[in-house]
Structures are given as C-alpha cells and as structure tokens.
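Undergrad: My questions will all concern the structure given below.
The values are calculated or read from the model by the stated rules, or taken from the named source; none is laboratory data. This is a predicted model, so every value here is computed, not measured. Cβ placement follows ideal geometry from the backbone for every residue including glycine, while neighbour counts extend to all protein chains displayed. The protein model used for the area step is the full one, side chains on, heavy atoms only, and it has no ligands, DNA or RNA in it. Shrake-Rupley method; radii C 1.70, N 1.55, O 1.52, S 1.80 Å.
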Amino acid sequence: MSAPTPEPAVLATTAGTPTAPVLADSSRASLEALRSEIAKAVVGQDPAVTGLVVALLCRGHVLLEGVPGVAKTLLVRALAASLELDTKRVQFTPDLMPSDVTGSLVYDARTAEFSFQPGPVFTNLLIADEINRTPPKTQSSLLEAMEERQVTVDGTPRALPDPFLVAATQNPVEYEGTYPLPEAQLDRFLLKLTVPLPTREDEINVLTRHADGFNPRDLKAAGIRPVAGPADLEAARAAVAKTSVSPEIAAYVVDICRATRESPSLTLGASPRGATALLSTARAWAWLTGRDYVTPDDVKALALPTLRHRIQLRPEAEMEGVTADSVITAVLAHVPVPR
C-alpha cells in the first residue's frame, strides 16, 4: 500500500491571510501563533497542525495516519506544550487491557477500602499510539471517553478534563498483527489527517536541527512556550458557535454526504453524523480564516479529512486503485456549488 497523500494545500494557508477582513479577536491571534511555535519542533506539517486546532475548536478527536518516523507523536506533544495542556501517551499493544487506559479500583490495605486510580485517559490530550495494534475490547474502552467525555468504572461515571482530545495514530503500510478500527469507532473521530513524508528541503531542515543538538524529548530546550491556554480555547469555541451558516450552505453539506451514499464505488457513504461533523469543521475553518460566515470553499477545504474515514470502498473499486479521497474529490466536482 502506498504512503498516504498529503492534506489539501488550503489547510496549510495561514489564518492571517483571509479572503475577508480579519475579525478582531485575541483568541484567534493566540491560536494563529500555535503554527510558528510548533514549527520549532516539527517541520513542514502545517495542515496537520491546523487540523488539530480545528478538532480542539469542535471538541472532536483526530486519527493521525502516517508511516513511522514522521513526527506524529511529537506533533501532539508540541501542540500540548504550546497550549499549556496536560498530555499523556499510551502505547497500544496486543496485551493492553481496558483498565490500563481508563483506570481501575485499587484496594488500600490501610483503609480496607477500594479507591479509584485514574488511568492515562484523564488528561487533556491523550496520544493513543498505534491504536490499531490493540484488540477491539481495549479499543472500545475509549468509546465512552470520546463520546461522553467520561469514564464509568464499577458503575460510577467520572468526568474527564476539559478540553479533552484523543489523538490516535496508526501506520498505513503495515497491517500484520493489527485490529482495524470498526466503523462505529472510526465515526467517533472528527478528522482523519494524513501525515506525509517531508519534502527534501524539510528533511534537510530536520537533519540540520538534529545536528545542531535538537532533542525531540526536550521541548523546553527547543524553545517551545505556551502561546495560548484553555481560556483562549474556550473563547474561540464560543466565537465559532456564532459563525453563521446559510440554508444554502447547510443544503450543500447535505448534498455532498448524500452523494457519497449514491456512489457506485462505495458500500457505505457518509452518515448524518458525518454531515454534522463537516458543518462543524467548516465553521471552525471559516472562523480561523477571519470570517463570521461559512462559504462553499470552507466546506471543500475540510471535506477530505472529515469524510475519508466515514466511507467504505467496494472491494472491486479498491482493486482498481480507487481511494476514499478520489471518491470524495469526484463528489465535490459533481455536486452543484451554491452561489
């Protein structure tokens, strides 16, 4: 299987060069500063950075797909450091148990009582490394956390911190010994972002940094500092919620998702949840680019990362080289754009 294709170039454009006048908003300026701050540790992954910010604005989760060694984990750690958020990493393996993620009751001999020991899911940004290497039973332990923002142990629900984001990674070229995520869990991820191999110039830049002493395990030494915080994120979310959506744009989103269900190359098209997700991400992108209204271009910019993991190819189409991205691109080309 070939390496994943990069995200659309539109996601890499800076939010400081919008097509409409920039709305004065300090929270937007703080989030814009994330790109340059993360660039101190990660080279050439602007689309993935933007996708993670969009997910945070929409209270969604992200599936990062890329070959080993393209800085998927480092990207999330740098984002957490730039936002002053807590982060924990779980290496998903075949012997990982659900309680290793959510936490469990531990007997305290001193008090003769059971007390709850929180698992790594109790954090702001959870890095679920190689999530497809653990069995479905452990994968499903994240479902309640992702959907309900809580964990239930021994019948007692326990709320997770806010913000809370699961950034799961998976390798697109090695499937031996893996457990593919079921459709129901894939649908819980707001975005599926592909993290491509760097260009030649970016790779030279990476090697130069390492030769100069860059240590990916020490982000403070790399100069990364918090440029935004939970308060900025909450203010930004409130502003995104006020971004207007015309009836024509809502109908355009619905038409795109309905067109995927009618595609002869697919056995499964985007669900109404997919349509809701696309509208949410388009609103966040519109706000990031300085507008208080959504345009068709906003919808097109987020269609691939929002829908690619929500559709399922027919085996015969896959054998012919058809991809989820090519199907969505064809749909965007054929669905009439509102004026």
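Undergrad: Can you run down the residue pairs with Cβ atoms below 8 Å, 6 or more apart or on separate chains, where the first is in the stretch 207-225 and under 19 Å from A33 (Cα atoms) and the partner is aliphatic (A, V, I, L, M) and not in a loop (DSSP other than H, G, I, E, B)?
TA: L219/A78; L219/A81; K220/A81; I224/I38; I224/A78; I224/A81; R225/A81
Undergrad: Now a separate question. Taking the options K72, K40, name whichever one is surrounded by 24 or more Cβ atoms within 10 Å (Cβ to Cβ) and among the basic types (K, R).
TA: K72
Undergrad: Is at least one residue of the stretch 49-65 surrounded by fewer than 15 Cβ atoms within 10 Å (Cβ to Cβ), at pLDDT 90 or above and either in contact with a Phe, Trp or Tyr (Cβ under 7 Å, 6 or more places away or on another chain) or part of a helix (DSSP H, G or I) (or both)?
TA: No, the stretch 49-65 contains no residue that is surrounded by fewer than 15 Cβ atoms within 10 Å (Cβ to Cβ), at pLDDT 90 or above and either in contact with a Phe, Trp or Tyr (Cβ under 7 Å, 6 or more places away or on another chain) or part of a helix (DSSP H, G or I) (or both).
Undergrad: Does R209 meet the test of being under 27 Å from G44 (Cα atoms) and at pLDDT 90 or above?
TA: For R209, the condition - under 27 Å from G44 (Cα atoms) and at pLDDT 90 or above - is met.
Undergrad: Now, a different point. Does L304 fit the bill of being touching an Asp or Glu at 6+ places or on another chain (Cβ under 6 Å) and either open to solvent by 20 Å² or more (accessible area, probe 1.4 Å) or charged (D, E, K, R) (or both)?
TA: On the way: touching an Asp or Glu at 6+ places or on another chain (Cβ under 6 Å): yes; either open to solvent by 20 Å² or more (accessible area, probe 1.4 Å) or charged (D, E, K, R) (or both): yes.
Here the answer is yes, as L304 does meet what is asked.
Undergrad: For the stretch 151-181, which positions are exposed (fewer than 14 other Cβ atoms within 10 Å of the Cβ) and not hydrophobic (A, V, I, L, M, F, W, C)? Don't jump to the end; show me each part of the working.
TA: Quick first cut of the stretch 151-181, residues exposed (fewer than 14 other Cβ atoms within 10 Å of the Cβ) only: 152, 154-157, 159, 162, 173, 175-177, 180.
Those that are exposed (fewer than 14 other Cβ atoms within 10 Å of the Cβ) and not hydrophobic (A, V, I, L, M, F, W, C): T152, D154, G155, T156, P157, D162, Y175, E176, G177, P180.
Undergrad: In the stretch 148-165, what residues are part of a strand (DSSP E or B) and within 23 Å of L105 (Cβ to Cβ)? Walk me through how you get there before you give the answer.
TA: We begin by selecting, within the stretch 148-165, every residue part of a strand (DSSP E or B); these are 150-153, 156-159, 165.
Residues satisfying the conditions are Q150, V151, T152, V153, T156, P157, R158, A159.
Undergrad: Take the stretch 227-258 and flag every residue that is surrounded by fewer than 16 Cβ atoms within 10 Å (Cβ to Cβ) and among the hydroxyl-bearing types (S, T, Y).
TA: S244, S246
Undergrad: If you don't mind, there's one more thing I want to ask. Out of the residues in the stretch 82-96 meeting the condition of being open to solvent by 30 Å² or more (accessible area, probe 1.4 Å) and in contact with a strand residue (DSSP E or B) (Cβ under 9 Å, 6 or more places away or on another chain), tell me which one is nearest to Y179 (Cα to Cα).
TA: Q91
Undergrad: I've got another one for you. Just one of the numbered conditions (1) acidic (D, E); (2) under 22 Å from T323 (Cβ atoms); (3) free of Cβ contacts under 8 Å to residues at least 24 places away in the same chain is not true of E148; which one?
TA: (2)
Undergrad: Which of the following residues is within 21 Å of the chain's Cα centre (by Cα), more than 17 Å from R261 (Cβ to Cβ) and of a type outside the set (G, A, S): L288, L307?
TA: L288
Undergrad: Give N124, N171, N205 a once-over and let me know the one that is of a type outside the set (D, E, K, R) and in contact with a Leu (Cβ under 7 Å, 6 or more places away or on another chain).
TA: Going through N124, N171, N205 in turn, the sole match is N124.
Undergrad: May I ask you to list the residues in the stretch 187-219 that are charged (D, E, K, R), open to solvent by 60 Å² or more (accessible area, probe 1.4 Å) and in a loop (DSSP other than H, G, I, E, B)?
TA: Hits for the stretch 187-219 are R188, D212, R217, D218.
Undergrad: Continuing with the same structure: Only one residue in A145, A184 is out of contact with any Ser or Thr (no Cβ under 6 Å at 6 or more places or on another chain), within 24 Å of D100 (Cβ to Cβ) and either in a strand (DSSP E or B) or open to solvent by less than 10 Å² (accessible area, probe 1.4 Å) (or both). Which one?
TA: A145
Undergrad: Restricting the stretch 314-326 to residues that are in a helix (DSSP H, G or I) and free of Cβ contacts under 8 Å to residues at least 60 places away in the same chain, which is surrounded by the most Cβ atoms within 10 Å (Cβ to Cβ)?
TA: Once the filter is applied, the top-ranked residue is A324.
Undergrad: On to the next question. Could you grab me the full set of residues in the stretch 271-293 that are in a loop (DSSP other than H, G, I, E, B) and open to solvent by less than 10 Å² (accessible area, probe 1.4 Å)?
TA: Listed by number, the list holds a single entry, G290.
Undergrad: Just one of the numbered conditions (1) assigned to a loop (DSSP other than H, G, I, E, B); (2) open to solvent by 40 Å² or more (accessible area, probe 1.4 Å); (3) hydroxyl-bearing (S, T, Y) is not true of S263; which one?
TA: Every condition holds for S263 apart from (2).
Undergrad: Checking T329 against (1) outside any loop (DSSP other than H, G, I, E, B); (2) open to solvent by 30 Å² or more (accessible area, probe 1.4 Å); (3) farther than 22 Å from E183 by Cα, only one condition comes out false. Which one?
TA: Exception for T329: condition (3).
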